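Below is one structure, written out as C-alpha coordinates; the observations come after it.
The values are calculated or read from the model by the stated rules, or taken from the named source; none is laboratory data. Keep in mind it's a predicted model, so treat the numbers as computed, not measured. A quick note on method: Cβ atoms are made from the backbone with ideal geometry, for glycine too, and the neighbour counts reach across all protein chains shown. Keep in mind that these areas ignore ligands, DNA and RNA; they rest on the heavy atoms of the full protein, side chains included. Shrake-Rupley method; radii C 1.70, N 1.55, O 1.52, S 1.80 Å.
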Amino acid sequence: QVRLVESGGGLVQPGGSLRLSCAASGSIVSLYAWAWYRQAPGKQRELVAASNSDRTTNYADSVKGRFTISRDNAKNTVYLQMNSLKPEDTAVYYCNRPRLPVTWGQGTQVTVSS
(Lines give C-alpha, C1' and ligand atoms only; values in the text may rest on other atoms or scores of the structure.)
Protein backbone atom coordinates (compact mmCIF):
# COMPACT_ATOMS: atom_id res chain seq x y z
CA GLN A 1 0.00 0.00 0.00
CA VAL A 2 1.38 3.36 -1.04
CA ARG A 3 1.34 6.18 1.48
CA LEU A 4 2.17 9.77 0.60
CA VAL A 5 3.14 12.30 3.26
CA GLU A 6 3.57 15.91 2.23
CA SER A 7 5.34 18.44 4.47
CA GLY A 8 7.13 21.76 4.42
CA GLY A 9 4.22 24.14 4.02
CA GLY A 10 3.64 27.22 6.12
CA LEU A 11 3.00 30.92 6.17
CA VAL A 12 5.38 33.00 4.08
CA GLN A 13 5.45 36.60 2.89
CA PRO A 14 5.17 37.44 -0.80
CA GLY A 15 8.53 36.96 -2.47
CA GLY A 16 9.55 34.28 0.00
CA SER A 17 10.49 30.66 -0.54
CA LEU A 18 9.46 27.25 0.70
CA ARG A 19 10.55 23.71 -0.06
CA LEU A 20 7.89 21.03 0.05
CA SER A 21 8.68 17.37 0.54
CA CYS A 22 6.69 14.29 -0.42
CA ALA A 23 7.76 11.07 1.26
CA ALA A 24 6.45 8.03 -0.58
CA SER A 25 6.33 4.74 1.25
CA GLY A 26 5.30 1.59 -0.60
CA SER A 27 6.31 3.02 -3.99
CA ILE A 28 9.77 3.39 -5.46
CA VAL A 29 10.06 7.03 -6.50
CA SER A 30 12.62 6.36 -9.23
CA LEU A 31 10.28 4.08 -11.18
CA TYR A 32 7.46 6.55 -11.82
CA ALA A 33 6.58 10.00 -12.98
CA TRP A 34 5.62 12.28 -10.09
CA ALA A 35 3.78 15.54 -9.85
CA TRP A 36 2.81 18.25 -7.45
CA TYR A 37 -0.74 19.55 -7.42
CA ARG A 38 -2.48 22.29 -5.52
CA GLN A 39 -6.02 23.12 -4.57
CA ALA A 40 -7.07 26.58 -3.51
CA PRO A 41 -10.35 27.20 -1.67
CA GLY A 42 -13.30 26.92 -4.03
CA LYS A 43 -11.14 25.77 -6.92
CA GLN A 44 -10.35 22.46 -8.56
CA ARG A 45 -7.09 20.69 -7.93
CA GLU A 46 -4.52 21.63 -10.57
CA LEU A 47 -1.18 20.21 -11.60
CA VAL A 48 1.68 22.64 -11.03
CA ALA A 49 4.81 20.59 -11.72
CA ALA A 50 5.66 17.15 -13.06
CA SER A 51 8.83 15.08 -13.12
CA ASN A 52 8.53 12.53 -15.89
CA SER A 53 10.02 9.05 -16.08
CA ASP A 54 12.69 10.33 -18.47
CA ARG A 55 13.48 13.06 -15.91
CA THR A 56 12.12 15.84 -18.07
CA THR A 57 9.95 18.31 -16.20
CA ASN A 58 6.82 20.28 -16.95
CA TYR A 59 5.35 23.27 -15.19
CA ALA A 60 2.12 25.17 -15.21
CA ASP A 61 2.56 28.57 -16.82
CA SER A 62 1.66 30.24 -13.54
CA VAL A 63 4.71 28.78 -11.75
CA LYS A 64 7.23 28.45 -14.57
CA GLY A 65 10.56 29.97 -13.62
CA ARG A 66 9.64 30.08 -9.92
CA PHE A 67 9.03 26.44 -8.94
CA THR A 68 11.36 23.48 -9.38
CA ILE A 69 10.43 19.84 -8.96
CA SER A 70 13.12 17.34 -8.06
CA ARG A 71 13.50 13.92 -6.52
CA ASP A 72 15.96 12.16 -4.20
CA ASN A 73 15.78 8.49 -5.05
CA ALA A 74 17.90 7.48 -2.07
CA LYS A 75 15.38 9.12 0.27
CA ASN A 76 12.40 8.08 -1.87
CA THR A 77 11.22 11.67 -1.72
CA VAL A 78 9.96 14.22 -4.22
CA TYR A 79 10.51 17.94 -3.62
CA LEU A 80 9.03 21.19 -4.80
CA GLN A 81 11.20 24.27 -4.40
CA MET A 82 9.02 27.35 -4.54
CA ASN A 83 10.60 30.78 -4.94
CA SER A 84 9.18 34.26 -5.46
CA LEU A 85 5.92 33.16 -3.91
CA LYS A 86 2.77 35.13 -4.64
CA PRO A 87 -0.52 35.35 -2.75
CA GLU A 88 -2.17 33.40 -5.56
CA ASP A 89 0.09 30.44 -4.74
CA THR A 90 -1.88 29.98 -1.53
CA ALA A 91 -3.34 26.47 -1.56
CA VAL A 92 -3.02 22.98 -0.16
CA TYR A 93 -0.26 21.19 -2.05
CA TYR A 94 -0.29 17.48 -2.81
CA CYS A 95 1.96 15.04 -4.61
CA ASN A 96 0.95 11.96 -6.59
CA ARG A 97 1.83 9.83 -9.57
CA PRO A 98 0.14 11.47 -12.57
CA ARG A 99 -0.17 8.27 -14.63
CA LEU A 100 -0.80 5.73 -11.88
CA PRO A 101 -2.32 7.79 -9.08
CA VAL A 102 -2.58 6.40 -5.59
CA THR A 103 -4.53 7.46 -2.54
CA TRP A 104 -3.98 11.16 -1.92
CA GLY A 105 -2.07 12.26 1.14
CA GLN A 106 -3.26 14.93 3.53
CA GLY A 107 -1.43 17.67 1.68
CA THR A 108 0.49 20.60 3.14
CA GLN A 109 -0.92 24.10 3.46
CA VAL A 110 0.96 26.97 1.85
CA THR A 111 -0.20 30.48 2.71
CA VAL A 112 1.41 33.49 1.08
CA SER A 113 0.41 36.66 2.82
CA SER A 114 1.89 39.82 4.26
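Things to note:
- Exposure ranking of Glu6, Glu88, Glu46 by accessible area [1.4 Å probe, largest first]: Glu88, Glu46, Glu6
- Its relative contact order, with pairs defined as Cα atoms under 8 Å and 6+ residues apart, puts the chain at 37 percent.
- Here the label points at Arg3 and Lys43, each 7 Å from Cα along the C-beta direction, are separated by 3.1 nm in the simple model.
- Solvent-accessible surface (1.4 angstrom probe) belonging to Leu31, in square angstrom, nearest 10: 110
- Centroid-to-centroid, using Cα positions, the range 50-114 and the range 1-27 are 8 Å apart.
- The residues neighbouring Val2, those whose beta-carbon lies less than 15 Å from its own, together hold a net charge of +2 under the Lys/Arg +1, Asp/Glu -1 convention.
- Placing a label point 7 Å from the Cα of Ser70 along the Cα-to-Cβ direction, the residues of the range 19-57 with a backbone N closer than 14 Å are 19-22.
- Convex hull volume per residue for the chain, taking Cα atoms only, in Å³: 91
- Charged side chains reduced to their Cβ positions (Lys and Arg at +1, Asp and Glu at -1) give the range 63-114 a dipole of some 220 debye around its Cα centre.
- Percent carbon-and-sulfur accessible area, the range 1-111, ignoring ligands, DNA and RNA, probe 1.4 Å: 49
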